[in-house]
1. Going through A:Ser46, A:Ser94 one at a time, which residue ends up being surrounded by fewer than 18 Cβ atoms within 10 Å (Cβ to Cβ), hydroxyl-bearing (Ser, Thr, Tyr) and under 30 Å from B:Arg61 (Cβ atoms)?
2. If I ask for residues that are acidic (Asp, Glu) and at pLDDT 95 or above, which ones from segment A:38-54 would you list?
3. Residue under question is B:Pro246, and the condition is that it be away from chain A (no Cβ under 14 Å), out of contact with any helix residue (DSSP H, G or I) (no Cβ under 8 Å at 6 or more places or on another chain), modelled with pLDDT under 90 and surrounded by fewer than 23 Cβ atoms within 10 Å (Cβ to Cβ); does it hold?
4. Looking at segment B:219-240, I want the residues that are free of Cβ contacts under 8 Å to residues at least 12 places away in the same chain and have a partner that is of a type outside the set (A, V, I, L, M) and assigned to a helix (DSSP H, G or I) with Cβ atoms under 6 Å, at least 6 apart or on another chain. Which pairs are those?
5. Restricting attention to segment B:38-57, and to residues there that are within 8 Å of chain A (Cβ to nearest Cβ) and hydrophobic (A, V, I, L, M, F, W, C), which single residue is surrounded by the most Cβ atoms within 10 Å (Cβ to Cβ)?
6. Which of (1) within 14 Å of another protein chain (Cβ to nearest Cβ); (2) outside any helix (DSSP H, G or I); (3) in contact with an Asp or Glu (Cβ under 7 Å, 6 or more places away or on another chain) does A:Glu47 not meet, given it meets every other one?
7. Please go through segment B:78-95 and pick out each residue that is within 13 Å of chain A (Cβ to nearest Cβ) and over 17 Å from the mean Cα position of the chain (by Cα).
8. For segment B:33-45, how many residues meet the condition of being in contact (Cβ under 8 Å) with a residue 60 or more places away in the chain and closer than 18 Å to B:Asp168 by Cβ?
Amino acid sequence: MIDPTRTWRSLFAETVPKESDFPESNEDKLRICNDRHLYIMSDGASESFNSSLWADVLVESVFAGPPCSGFARWLKQVTAEYRDRSGVTSMSWSQEAAFARGSFASLLVVECLADEVSVTAIGDTVALLVENGIITRSFPYKDSYQFQQRPHLLSTVRSKNITPYFAVALRSLLAKKSCLAEAGCKVYWPYPSSTDALLICVTDAMGEWLLRQDVGTQGRLDAVLAVRTQGDLIQLIDDARREDGMRRDDSSLIVIGEGHVAPYT
Amino acid sequence: MPYTAEISRSQPTAFLFVIDQSGSMDEKMPTGKSKADFVADVLNKTIYQLIIRSTKSDGVRNYFDLGVLAYGGGGVGSGFGGSLSTSVIHPLSAVEQNPLRIDSRTKKVDDGAGGLVDQTVKFPVWFDPKSSGGTPMCEALRQVAQALVDWCNSHERSYPPTVIHVTDGQSTDGDPEQIASQLQNISTNDGAALLFNLHIDATEGSAVLFPSSELSLPDAHSKLLFRCSSQFPPHLLKPAQDKSYPVSNESRFFGYKADIQGIVDFFDIGTRASELR
């Protein structure tokens, strides 16, 4: 059982758009509630009609408290809300066709429970556990090469969510632990014993960059842990894009840990 | 490294389609449609897909500039009609707003209960099929080169333009090899313009797609078009391999006697952008 005086909370949360000239087109969405120890991140896919809206609908729905059962019903609810907010009646022919093609987004939900941390991940937004200054766990990906595969993303077109992967994974989305024998998209991590442990949530471009296994691995993590402001994050991402091959994409970072963790005191 | 520039609204790339409308394009394919009809359908569908990929809730984003040049008995000219016919290359949003017409077509879709139902969809048409006269290929490629020079001068940092040239015959106004070579020397800072040649044929079964040498080609005409075609840019290898084409770094983006599937695949792979932002 975690010591209540050691409750984890968000120490940093910011997002940087892929195109600085168009900050409004950032398709990453974050939602944080320290009181409920709930941290949600969704990355809308670039080739989508309105993945920013879709990511927002997903994040807000999870934040509001989605059902622990009846995933199909939840999916119907969120796709209906997306449709209602899309202004379908006033679309041009190309918007109608792009709307029908759908929008896609990942979903990462971290919940700090009494005695462990629950991580639910659909798609390629990742959570990383940092203990003693090194990455000791990550989910759903463990290595940068995994970002090359096409991720399973939630779609606004319900039929596109009917796949063998989703048949198993989606049932576990926010299920109770006892339901998880078949789950493919959820893990529980025990709280680390060290008081300076941190949990980092990042969207795919940063995740791929952080999980590269090469001589730069530690330096990348150290650079992320040194970020304190949005300006720091913008600088880090600019440098990494220019000098270290980070893919240009909307990039988001949430750092969760104890309030007195050394770098954040 | 060439062909790695990100494609964005401030840094678009260009696709220029060059379509043979000579008399022989009226020959029927196994589907019953003429070659001209089938190519027009694939081209309209390709333009449609490029627009849909770039359409967001706030409108069409100009990730691509598009142009169509047609050549045949009427000479060489824009393949677009209406207001788009006044120049060769246009931003994607202008193309979206100016189809010749929007047809209604039906397609089969999943009815959600294990069956298929007909659904009416809008099918915009920008390019109508025509077929008459000779094959002024050299003049067409000259006009392409002029358009590309202008485009590259104003888009130095962009992913270079891609020319997709579709023909069913031999040039009737000279040897196109020299102008094709010059065309591939036009460049942006991200690399040379790409020239993809597709020779189509009404018969099935003898197609050669994406060959890596002239040796597999049957005659002087096919070898000429091979030499006029660009090598595969590295990022297009995987999309071709995903469609089971055994391509390598040596492969040329060239198809000879392509049938229906070959034509569709050629357009599909040829219009895959690199990094669409």
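The values are calculated or read from the model by the stated rules, or taken from the named source; none is laboratory data. Small disclaimer: the values here were computed from a predicted structure and weren't measured. Because the Cβ atoms are built from the backbone with ideal geometry, glycine has one as well, and the counts that use them run over all protein chains shown.
1. Just one listed residue meets the conditions, A:Ser46.
2. A:Asp43
3. Criteria not met by B:Pro246.
4. Filtered contacts from segment B:219-240: B:Lys223/B:Glu214.
5. Filtering segment B:38-57 for residues that are within 8 Å of chain A (Cβ to nearest Cβ) and hydrophobic (A, V, I, L, M, F, W, C), the one surrounded by the most Cβ atoms within 10 Å (Cβ to Cβ) comes out as B:Ile51.
6. Against the list (1) within 14 Å of another protein chain (Cβ to nearest Cβ); (2) outside any helix (DSSP H, G or I); (3) in contact with an Asp or Glu (Cβ under 7 Å, 6 or more places away or on another chain), A:Glu47 comes up short only on (3).
7. Hits for segment B:78-95 are B:Ser93, B:Ala94.
8. 9
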